[in-house]
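Taking it in order: structure first as structure tokens, then the write-up.
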Amino acid sequence: MSRLARRRVLVPAAAPGDRVRLDAAQVHHLLHVLRAVPGEVVTAMDAAGRSFRAVLEGSGEILIEALVSEPMPQGPVLLVAPPKGARMAWLVEKAVELGAGEIRPVVTSRGAVKPGGEAQVARWQRVAEAAVKQSGAAPPGIRPMAPLPEALQGLAGPLWIAHPAPEALPLRCALEAPSGVPAFAVGPEGGWTGAELKLLTDAGGRCVTLGPRILRIETAALACLLAWEPVRPRPILPA
């Protein structure tokens, strides 16, 4: 198979030979938005980023026929103080398209958005799922908004803090040395407080600059992901 089918559907963990029943929203999207028809080959993607060749059946199920790609390499973790309104949805959409592995919205002293519970996360998750179907990116994890100490837990790679400190490195220089999949911390429009910067640096973070201009939250977040894109490990594509 030289390329994957353009119509995509998200599924739980699956294996060739499985039959997966789709929910009503997925069936409606495939049949009435993407204009798929029963018997058509579609691409099924699971939470690990694996892609499968699958056949859409008339019963609202898909038959998983073959694994066509191994799990995608894990993308960066994005710790971000959410911007207001539709800007966060736009950030989530574009971050997914650019390969973010996990998005951790952070409660900050100067942030304009407050935690909104499960409904808030569900809205962002719907945006992420639509971006996965459109782009073919691996599905990211999206956490509920959390205080910075909680959001910093469990990071495995280097942590780069978007902050124009005197000692800050240019981001592209920081990413030149291979050192694992990074996490990027992007603060609110008022900037990180001194206490927040101490938490970040105590967690091993180092400050990086994104250039001479003052960027909005969503612009800074995407600039970090774009800088990582040229140096990230590449998956082996199916022939």
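The values are calculated or read from the model by the stated rules, or taken from the named source; none is laboratory data. Predicted, not measured: the structure shown is a model, and the values here were computed from it. Here Cβ is always computed from backbone atoms with ideal geometry, including for glycine, and neighbour counts include all displayed protein chains. Just so you know, the surface numbers come from the protein's heavy atoms only, side chains and all, with ligands and any DNA or RNA stripped out. Shrake-Rupley method; radii C 1.70, N 1.55, O 1.52, S 1.80 Å.
If the chain linking R110 and A177 were pulled fully straight, counting 0.36 nm for each residue of separation and taking away their Cα-Cα distance, it would gain 20.9 nm. Using only alpha carbons, the stretch 95-228 has a radius of gyration to Kirkwood radius ratio (Rg to Rh) of 0.94. Quick one: work out Rg over Rh on the C-alpha atoms of the chain, Rh as Kirkwood radius. Radius of gyration relative to Kirkwood radius: 1.02. Among V9, L30, A138, flag the residue with its Cα farthest along the positive direction of the charge dipole of the chain, charges on Cβ as +1 for Lys/Arg and -1 for Asp/Glu. Result: L30. If a spin label sat at a point 7 angstrom from the Cα of A146 along the line to its beta carbon, the backbone N atoms of the stretch 78-94 nearer than 16 Å would be those of 78-82.
Per-residue packing, averaged as other Cβ atoms within 10 Å, sorts the ranges 42-54, 188-200 into the order 42-54, 188-200, beginning with the highest. Taking the centroid of alpha carbons for each part, the stretch 1-75 and the stretch 77-136 are 24 Å apart.
Taking each residue as 0.36 nm, the span from Q134 to A195 lengthens on full extension beyond its C-alpha to C-alpha distance by 18.0 nm.
Give the average over all directions of the projected area of the C-alpha convex hull of the stretch 1-90, one decimal, in nm².
One quarter of the hull surface, i.e. the mean projection, equals 7.5 nm².
Taking amide H atoms as placed 1.01 Å from N in the peptide plane, the amide H of V106 lies under 5 Å from those of V80, A81, A146, each 5 or more residues away in sequence or on another chain. At q = 0.18, 0.33, 0.35 Å⁻¹ the log10 of I(q)/I(0) for the stretch 153-193 amounts to -0.58, -1.21, -1.25, computed by Debye summation with a single uniform scatterer per C-alpha, solvent ignored. Working note: Cα atoms of the stretch 128-198, range along each principal axis, descending, whole Å: 41, 30, 24.
What size of dipole, in debye to the nearest 20, comes out for the chain about its Cα centre when the only charges are +1 on Lys and Arg C-beta atoms and -1 on Asp and Glu C-beta atoms?
Numbers: 26 positive and 21 negative charges, 103 e Å.
Dipole size: approximately 500 debye.
Take every Cα-Cα pair in the stretch 172-221 and report what % of them are more than 13 Å apart. Summing the P(r) tail past 13 Å for the stretch 172-221 gives 65 percent.
Which percent of the accessible area of the stretch 46-186 is formed by carbon and sulfur heavy atoms (probe 1.4 angstrom)? Answer for the stretch 46-186: carbon and sulfur cover 55 percent of the accessible area. Close amide H partners of R7, meaning residues 5 or more places away or on another chain with modelled amide H under 5 Å apart, are T43.
Counting only DSSP beta bridges with both residues in the chain, tell me the antiparallel percent, nearest 5. In the chain, approximately 35 percent of DSSP beta bridges are antiparallel ones.
May I ask you to compute the full-extension gain from E40 to A66, defined as 0.36 nm times their residue separation minus their alpha-carbon distance, rounded to one decimal in nm?
7.9 nm
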